[in-house]
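Only one structure is covered here, and it is reproduced in the block below.
The values are calculated or read from the model by the stated rules, or taken from the named source; none is laboratory data. What you are looking at is a predicted structure, and each value in this text was computed from that prediction instead of being measured. Every residue, glycine among them, receives a Cβ derived from its backbone with ideal geometry; neighbour counts consider all protein chains shown.
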Amino acid sequence: MAANEHKNLSDINRHNPKGFENATNETVLSKSIGTAPTNTDGNLVWQNKSLMGVTDYKMQGYVTGATNYQYGEDIADTKSPFEMAVDYGSSVVSSGSLSPTAFFRIGQGCVIPQNVNVSSISGWLTSNGTNVVTIAVCKITPVEGIATSVTPIVIDEIQLTGLNNNSMLVRINESTITTATVSAGDIIFPMVKEATAGSSIYINLTVQTTAF
């Protein structure tokens with residue numbers, strides 16, 4: 001009988017886990033939350049793969065809107081990390097560049113520790129104007145020992161319209177990402193521009209990533 005035990009069967013004779021045939025693609029087998037104090041009475045569930053290995057990166061700041069992109073103050077500045085008042089010099093990300101001194105010291109910059117895909121960008125924006133505001137979440141791949149300026153890559157640009165009141169929030173809810181792949185060691189950070197300059201703009205968002 002021992003030869004017929006499941007652990008001794010060859011691959012072609014082993015059955016798939018419970019629920020496998022009806023589980024949707026890109027899911028993994030997990031166990032739901034139960035009610036017993038032993039934490040052992042949950043049920044088998046097929047959970048979306050995108051929920052595994054999730055990391056969130058928070059980005060928050062404020063800016064007086066300008067038609068060129070603005071990014072966060074140097075970490076040595078007392079206005080860092082929240083004020084975004086450094087002029088990128090262009091309204092198009094691919095038309096400008098940042099020196100290592102600049103992109104390394106951006107207050108809202110986050111170093112990504114592993115290879116990931118950006119799965120969503122969510123949060124809120126407020127503006128005391130009614131102009132279109134564009135948030136660009138960017139990445140830069142630093143090179144050790146090189147002082148050359150680098151052009152950021154846009155992970156995603158999000159356009160929102162201000163509601164003419166900084167007490168009225170505009171939802172950020174982006175799941176279609178332009179350039180989702182981010183490599184270990186990359187620095188990600190936000191930049192903000194406005195169709196017509198002058199509004200006081202606040203952003204509070206989370207970039208969610210999944211490892212691969």
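Within segment 86-98, does at least one residue satisfy the condition of being more than 22 Å from Thr209 (Cα to Cα), of a type in the set (D, E, K, R) and either surrounded by 17 or more Cβ atoms within 10 Å (Cβ to Cβ) or not assigned by TED's automatic domain parsing to the domain that holds Ser149 (or both)?
The answer is no; no qualifying residue exists.
Does Ser167 qualify as being without any contact (Cβ under 8 Å) to a residue 60 or more places away in the chain, among the small types (Gly, Ala, Ser), assigned by TED's automatic domain parsing to the domain that holds Asn68 and farther than 17 Å from Tyr62 by Cα? Step through it out loud before you land on a result.
Details: without any contact (Cβ under 8 Å) to a residue 60 or more places away in the chain: yes; among the small types (Gly, Ala, Ser): yes; assigned by TED's automatic domain parsing to the domain that holds Asn68: yes; farther than 17 Å from Tyr62 by Cα: no.
No: the conditions fail for Ser167.
Hey, does segment 56-63 have a residue that's charged (D, E, K, R), at pLDDT 85 or above, in a strand (DSSP E or B) and surrounded by fewer than 15 Cβ atoms within 10 Å (Cβ to Cβ)? Please lay out each step first, then the result.
Restricting attention to segment 56-63, the residues satisfying the condition of being charged (D, E, K, R) are 56, 58.
Of the ones still in play, those that are also at pLDDT 85 or above are 56, 58.
Among the residues that remain, those that are also in a strand (DSSP E or B) are: 56, 58.
Next cut, surrounded by fewer than 15 Cβ atoms within 10 Å (Cβ to Cβ) only: 56, 58.
The answer is yes, given that some residue of segment 56-63 is charged (D, E, K, R), at pLDDT 85 or above, in a strand (DSSP E or B) and surrounded by fewer than 15 Cβ atoms within 10 Å (Cβ to Cβ).
Just checking, which of Ala197, Ala180 is modelled with pLDDT of 95 or more, surrounded by fewer than 18 Cβ atoms within 10 Å (Cβ to Cβ) and either within 18 Å of the chain's Cα centre (by Cα) or farther than 23 Å from Asn131 by Cα (or both)?
Details: Ala197 fails: either within 18 Å of the chain's Cα centre (by Cα) or farther than 23 Å from Asn131 by Cα (or both).
Sole residue among the options that is modelled with pLDDT of 95 or more, surrounded by fewer than 18 Cβ atoms within 10 Å (Cβ to Cβ) and either within 18 Å of the chain's Cα centre (by Cα) or farther than 23 Å from Asn131 by Cα (or both): Ala180.
Just checking, how many residues over segment 23-35 are more than 21 Å from Thr210 (Cα to Cα) and modelled with pLDDT of 80 or more? I'd like the intermediate steps shown before the answer.
Looking only at segment 23-35, we keep the residues that are more than 21 Å from Thr210 (Cα to Cα), and these are 33-35.
Filter again for modelled with pLDDT of 80 or more, leaving 35.
Of the residues in segment 23-35, 1 are more than 21 Å from Thr210 (Cα to Cα) and modelled with pLDDT of 80 or more.
Mind checking which residues of segment 157-187 are part of a loop (DSSP other than H, G, I, E, B), of a type outside the set (Ser, Thr, Tyr) and more than 16 Å from Ile112 (Cβ to Cβ)? Explain how you work it out, then say what you get.
Initially, segment 157-187 is screened for residues part of a loop (DSSP other than H, G, I, E, B), giving 162-164, 175-180, 183-186.
Add one more test, that the residue is of a type outside the set (Ser, Thr, Tyr), and what stays is 162-164, 177, 180, 184-186.
Of everything in segment 157-187, those that are part of a loop (DSSP other than H, G, I, E, B), of a type outside the set (Ser, Thr, Tyr) and more than 16 Å from Ile112 (Cβ to Cβ) turn out to be Gly162, Leu163, Asn164.
When both residues are 6+ apart or on different chains and their Cβ atoms are under 7 Å apart, which pairs have a first residue that lies in segment 40-60 and is on the phi > 0 side of the Ramachandran plot and outside the structural domain of Leu29 (by TED's automatic domain parsing), and a second that is hydrophobic (A, V, I, L, M, F, W, C) and at pLDDT 85 or above?
Pairs found: none.
Only one of Gly185, Gly129, Gly145 is on the phi > 0 side of the Ramachandran plot and either surrounded by 14 or more Cβ atoms within 10 Å (Cβ to Cβ) or among the aliphatic types (A, V, I, L, M) (or both). Can you tell me which?
Details: Gly129 fails: on the phi > 0 side of the Ramachandran plot; Gly145 fails: either surrounded by 14 or more Cβ atoms within 10 Å (Cβ to Cβ) or among the aliphatic types (A, V, I, L, M) (or both).
Only one candidate passes the filter, namely Gly185.
Quick grid of which residues meet (1) outside any strand (DSSP E or B); (2) without any contact (Cβ under 8 Å) to a residue 12 or more places away in the chain; (3) within 21 Å of Lys79 (Cα to Cα); (4) among the hydroxyl-bearing types (Ser, Thr, Tyr):
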| site | (1), (2), (3), (4) |
| --- | --- |
| Ser122 | no, no, no, yes |
| Gly129 | yes, no, no, no |
| Lys139 | no, no, no, no |
| Val143 | yes, yes, no, no |
| Ile155 | no, no, no, no |
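Does Val133 satisfy the criteria of being touching a helix residue (DSSP H, G or I) at 6+ places or on another chain (Cβ under 8 Å), modelled with pLDDT of 95 or more, in the same structural domain as Arg171 (by TED's automatic domain parsing) and not acidic (Asp, Glu)? Walk me through how you get there before you give the answer.
Details: touching a helix residue (DSSP H, G or I) at 6+ places or on another chain (Cβ under 8 Å): no; modelled with pLDDT of 95 or more: yes; in the same structural domain as Arg171 (by TED's automatic domain parsing): yes; not acidic (Asp, Glu): yes.
Criteria not met by Val133.
Looking for whichever is crowded, with 20+ Cβ neighbours inside 10 Å and under 25 Å from Val54 (Cβ atoms) here; the options are Ile172, Ile155. Which one fits? It would help to see each step written out before you state the result.
Values: Ile172 fails: crowded, with 20+ Cβ neighbours inside 10 Å.
Answer to the selection: Ile155.
Only one of Ser119, Ser127 is modelled with pLDDT under 95 and in contact with a strand residue (DSSP E or B) (Cβ under 6 Å, 6 or more places away or on another chain). Can you tell me which? I'd like the intermediate steps shown before the answer.
Working: Ser127 fails: modelled with pLDDT under 95.
Of Ser119, Ser127, the one residue that is modelled with pLDDT under 95 and in contact with a strand residue (DSSP E or B) (Cβ under 6 Å, 6 or more places away or on another chain) is Ser119.
Assigned to a loop (DSSP other than H, G, I, E, B) and either of a type in the set (A, V, I, L, M) or in contact (Cβ under 8 Å) with a residue 12 or more places away in the chain (or both), is that true of Ser80?
Working: assigned to a loop (DSSP other than H, G, I, E, B): yes; either of a type in the set (A, V, I, L, M) or in contact (Cβ under 8 Å) with a residue 12 or more places away in the chain (or both): yes.
Yes: the conditions hold for Ser80.
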